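Written out below as structure tokens is the structure these notes cover.
Nothing in this text is a laboratory measurement; each read-out follows from the coordinates by a stated rule. Source: prediction; values computed, not measured. Quick reminder, even Gly has a Cβ in these numbers, built from the backbone with ideal geometry, and neighbours come from all protein chains shown.
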Amino acid sequence: MKKALITGINGQDGSYLAEFLLEKDYKVYGTLRRSSVNTTERIRHLLDESNLEKHQNPKKIHLVYGDLTDSLNVTRIIKEIEPDEIYNLAAQSHVAVSFDEPEYTANADGVGTLRILEAVRILGLEEKTRIYQASTSELYGKVEEIPQTENTPFHPRSPYAVAKMYAFWITKHYREAYHLFASNGILFNHESERRGETFVTRKITLAAARIAQGLQDKLYLGNLSSKRDWGYAKDYVECMWRILQHQEAEDFVVATGETKTVREFCTLAFRYAGIELEWDGTGIDEKGIDKKTGRVFVEVSREFFRPAEVDLLLGNPEKAKRELHWDPRQTAFEALVQLMVKHDMEYVKRIK
Ligand code: NAP
Ligand code: GDD
């Protein structure tokens with residue numbers, strides 16, 4: 001039985017990856033940060049409820065308290081588990097927040113990755129342990145090429161992206177210098193019904209569901225013209241696993257090869273919630289108006305603009321398709337928006 005350690009197991013990707021690896025008969029360990037409230041909502045079904053406090057059900061996932069800013073903790077966890085595979089998903093993952101917390105973001109997202117790599121080296125696990133690093137399309141930032149491939153130069157545009165740039169290169173460096181099996185997955189945006197509520201897609205699908213049910217008046221957004229290559233998180237965790245099963249440690253772009261604006265996402269989400277929007281005005285004055293009633297449901301607010309923006313992301317997933325036999329279009333854009341809205345229509349009804 002292979003042992004996998006997932007840092008950030010209670011995050012969006014961590015929860016899907018844990019399900020995927022359990023299906024494949026892995027023994028799955030995951031790190032959880034101590035919190036004054038319960039943060040296991042996404043993985044509750046993978047825990048033994050009667051044993052929640054100890055987080056120790058042999059048939060399900062095993063939780064250990066962990067924080068990537070604590071090197072002693074990281075080293076001890078890896079020493080005790082001796083994992084065959086480490087998926088380093090833990091991060092302060094919100095780009096806008098990284099402008100407010102740049103030092104913490106550098107510590108967790110940048111140096112945190114170094115702590116894992118160095119622990120594996122110190123413990124002499126170079127031959128045993130394969131490492132997946134959650135790299136990001138944010139590295140391309142002010143893009144120097146469209147679409148972006150594994151060879152496109154990086155131009156990061158946020159403290160988050162700069163921290164992830166360190167993590168990308170230190171992963172590559174440990175591969176070259178110490179022959180660790182350490183790979184970067186350069187993942188473009190991927191969303192789901194488990195997406196954090198302050199990322200734009202989930203913010204939109206939740207608002208569309210609330211507005212459709214008369215529970216919210218308006219949705220305020222930032223840059224409507226920003227373009228993203230949006231895929232489904234469940235499809236993307238499969239590719240993470242494939243990256244570590246590859247014969248050699250390499251870096252891969254994971255994307256759909258299709259890009260849409262925030263405005264397009266919004267129009268479609270409202271449509272699936274039963275509201276047909278039309279857009280009027282430009283820039284800060286642009287509004288999304290209900291065609292039927294003339295009511296303004298979407299407005300632009302300066303609050304959600306960033307000091308520096310990434311205007312357009314579009315990935316070329318050819319290498320992952322060719323070498324990993326991964327299908328980037330398992331869930332099409334329309335299907336993704338539809339499943340998120342369907343989920344949130346139910347969710348909002350349940351909790352109102
Ligand atoms: P997420 O939902 O925000 O999950 C992040 C996880 O990291 C959470 O479990 C969080 O724990 C944990 N974490 C945060 N700081 C930590 C620390 N100092 N020590 C230990 N754990 C910590 O993010 P996600 O969308 O699943 O993304 C997973 C990874 O992929 C992240 O590294 C992200 O940067 C990267 N990525 C994501 C995307 C995307 O579109 N989703 C694309 C490219 C790359 P708490 O619950 O306690 O906060
Ligand atoms: N969050 C948010 N809220 N974003 C908004 C809003 C809003 O109200 N209005 C417009 N946007 C725009 C952002 O400016 C950005 O251009 C785009 O919507 C997507 O924003 P997010 O959903 O916050 O995601 P992100 O692209 O910044 O970052 C995500 O994807 C990266 C991969 O490219 C995160 O998951 C990162 O962790 C990940 O690395």
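Sorted ascending by nearby beta carbons within 10 Å, beginning with the fewest, Trp169, Trp326 become Trp169, Trp326. Note on Arg271/Phe305: beta-carbon distance plugged into 1/(1 + (r/R0)^6) with R0 of 41 Å gives a FRET efficiency of 0.95.
Considering helices alone, the calculated mean residue ellipticity of the chain at 222 nm is -11000 deg cm²/dmol, with DSSP H runs of length four and up weighted by -39500 (n - 2.57) and normalised per residue. Computed on the Cα atoms alone, the convex hull of the range 305-352 gives a volume of 153 cubic angstrom per residue. The convex hull drawn around the Cα atoms of the range 69-228, when projected onto a plane and averaged over every direction, covers 11.3 nm².
Projecting the Cα atoms of Gly14, Phe188, Ala91 onto the charge dipole of the chain (Cβ charges, centred on the Cα centre) puts Gly14 farthest toward the positive pole.
With neighbours defined as other Cβ atoms within 10 Å of a residue's Cβ, the residues Thr201, Thr152 order from fewest to most as Thr152, Thr201. For the range 183-190, backbone phi angles converted through the Karplus equation (6.51, -1.76, 1.60; θ = phi - 60°) give residue-by-residue couplings of 10, 9, x, 8, 8, 7, 3, 9 Hz, Gly and Pro being listed as x.
log₁₀ I(q)/I(0) of the range 184-233 at q = 0.19, 0.22, 0.25 Å⁻¹, via Debye over equal Cα point scatterers, no solvent, to two decimals? At q = 0.19, 0.22, 0.25 Å⁻¹ the computed log10 ratios are -0.71, -0.89, -1.04. Backbone amide hydrogens, once placed in the peptide plane, bring His155 within less than 5 Å of Tyr140, Gly141, Lys142, excluding anything fewer than 5 places away on its chain. Close amide H contacts of Thr256 (hydrogens built in the peptide plane, cut-off under 5 Å, sequence separation of 5 or more or a different chain): Gly315.
Restricting attention to the chain, close to 25% of DSSP beta bridges with both partner residues there are antiparallel. Ranking of Arg228, Arg42 by neighbouring Cβ atoms within 10 Å, starting from the fewest: Arg42, Arg228. In terms of overall dimensions, the C-alpha atoms belonging to the range 131-212 reach 55, 28, 22 Å along their principal axes, ordered largest to smallest. What pairs from Lys227/Lys342; Lys142/Lys321; Lys287/Lys349; Lys60/Lys128; Lys142/Lys291 go past 32 Å between their alpha carbons? The answer is Lys142/Lys291. Relative to the longest principal axis of the Cα atoms of the chain, the long axis of helix 233-245 lies at roughly 20 degrees.
Comparing Gln92, Gln133, Gln247 in a Gaussian network model of the chain, where Cα atoms under 10 Å apart are tied by springs, the biggest mean-square fluctuation is seen for Gln247. Put simply, the Cα atoms of the range 1-137 extend 39, 37, 28 Å along their principal axes, the longest span coming first. Residue by residue, the range 136-149 carries 3J(HN,Hα) couplings of 9, 5, 4, 4, 6, x, 7, 4, 9, 6, 10, x, 8, 10 Hz when phi is fed to the Karplus relation 6.51 cos²θ - 1.76 cosθ + 1.60 (θ = phi - 60°); x denotes Gly or Pro. Could you estimate the translational diffusion coefficient of the range 229-278 from the Stokes-Einstein equation, with Rh from the Kirkwood formula over C-alpha pairs, at 10 °C and 1.306 mPa s, in whole µm²/s? Stokes-Einstein gives a translational diffusion coefficient of 119 µm²/s.
Among Lys24, Lys234, Lys260, the residue with the largest mean-square fluctuation in a Gaussian network model of the chain, with springs joining Cα atoms closer than 10 Å, is Lys24. In the elastic network of the chain, a GNM with C-alpha springs shorter than 10 Å, the most mobile of Pro153, Pro328, Pro317 is Pro153.
Residues whose amide H falls under 5 Å from that of Ser135, counting only those 5 or more places apart or on a different chain, are Gly185, Leu187, with hydrogens built in the peptide plane. Averaging 1/r across all pairs of distinct Cα atoms in the chain and inverting the result yields a Kirkwood radius of 21.0 Å. Using only Cα atoms, locate the centre of the range 272-341 and the centre of the range 203-225, then give the distance between them in Å, rounded to an integer. The range 272-341 and the range 203-225 have Cα centres spaced 12 Å from each other. Relative to the compact-globule estimate of 2.2 N^0.38 Å, the Cα radius of gyration of the range 178-280 comes out at 1.35. Taken one residue at a time, the phi angles of the range 62-67 give Karplus couplings (6.51, -1.76, 1.60, θ = phi - 60°) of 10, 9, 10, 6, x, 9 Hz. Gly and Pro are set to x.
Using the alpha-carbon positions of the range 245-352, Rg (one decimal) and Dmax (whole number) come out as 18.3, 58 Å.
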